[in-house]
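Please treat every number below as a calculation from the coordinates, not as lab data. The structure displayed is predicted, hence computed values, not measured ones. All Cβ positions, even for glycine, are placed from backbone atoms using ideal geometry, and neighbour counts span all protein chains on display.
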Amino acid sequence: MQGGIDLNSGKRHETQAKLVMKLFPYLRKNGLQSVRMEEIAKVMEVSRATLYKYFSTKEEIIGFIVSGFIEYMNEMSNAHLDSEQSFGIRFQQIFEQSVSLVEYFTEVFLNELEISFPDWYDRFREAMKQREQKLLAFYEEGVHKGIFNEVNGRLLIAQDEILRGMFNVKYLMMNQLTVQQILTDYYYLKKLQLFKPEKLPIIDDAVMIPRIEHLTQKITKNLY
């Protein structure tokens, strides 16, 4: 312990996160219902003994994933909106988060979660409902302050589901598109829909370039 912080606990959490990131490409395609811990260890590129040091069951792995994303959603929603620029920053955070949620929580994974781990599925769905309410409140506040166009917030949220069908190798090849093109165009589409023309300058698009590149790398890696 140092200054009330358990350093070993922090290092353990970091290692768990690295192992889970190796597992994500498998989960998004195959789910987790029938896979054995031995196979999970192979995907994570560790021995079974090492895997059991960090995760004793598949449910523990699922719990780590779901609770991590719930925490990620809560962190974003706690940011303060004390200036017009803060609305632009929050919009960019929401965009990045929305893409990540669509990328990692595929239909295959969600179906497996509902069937095999209903408690974690319920927690995730409840967190998503709370996120939706916070997003709607954010959109309403932006409209009230004259920053956003008067658009239907629920439609903005529902639009993100379009990305599920687009993060697909066959779709990309048929339409001669890249993941980066889709993310860049979708970002500008959302921005132009939401912000009034005279408020567009408050958004610093330059900060999104490396974020979109990072998202592109993760998504592309998971596709192939």
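If you go through the range 141-163 and keep only what is of a type in the set (D, E, K, R) and surrounded by 13 or more Cβ atoms within 10 Å (Cβ to Cβ), you end up with E141, D160.
Residue by residue, here is whether (1) buried (at least 18 other Cβ atoms within 10 Å of the Cβ); (2) of a type in the set (V, I, T); (3) touching a strand residue (DSSP E or B) at 6+ places or on another chain (Cβ under 9 Å) holds:
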| residue | (1), (2), (3) |
| --- | --- |
| T57 | no, yes, no |
| I62 | yes, yes, no |
| Y72 | no, no, no |
| S83 | no, no, no |
| F87 | yes, no, yes |
| F91 | yes, no, yes |
| V99 | yes, yes, no |
| F105 | yes, no, no |
| L110 | no, no, no |
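Pairing residues of the range 28-47 that are within 15 Å of N222 (Cβ to Cβ) with residues that are not in a helix (DSSP H, G or I), at Cβ distances under 6 Å and at least 6 apart in sequence or on separate chains, gives R28/T106. Among the helices (runs of 4 or more DSSP H) confined to the range 66-167, the ones with at least 2 residues that are more than 25 Å from H214 (Cα to Cα) are located at 107-116, 118-144, 153-159. Scanning the range 168-224 for residues that are hydroxyl-bearing (S, T, Y), in a helix (DSSP H, G or I) and more than 18 Å from the chain's Cα centre (by Cα) yields Y171, Y188. From the list K134, K196, the one residue that fits, being more than 23 Å from V66 (Cα to Cα) and not aliphatic (A, V, I, L, M), is K196.
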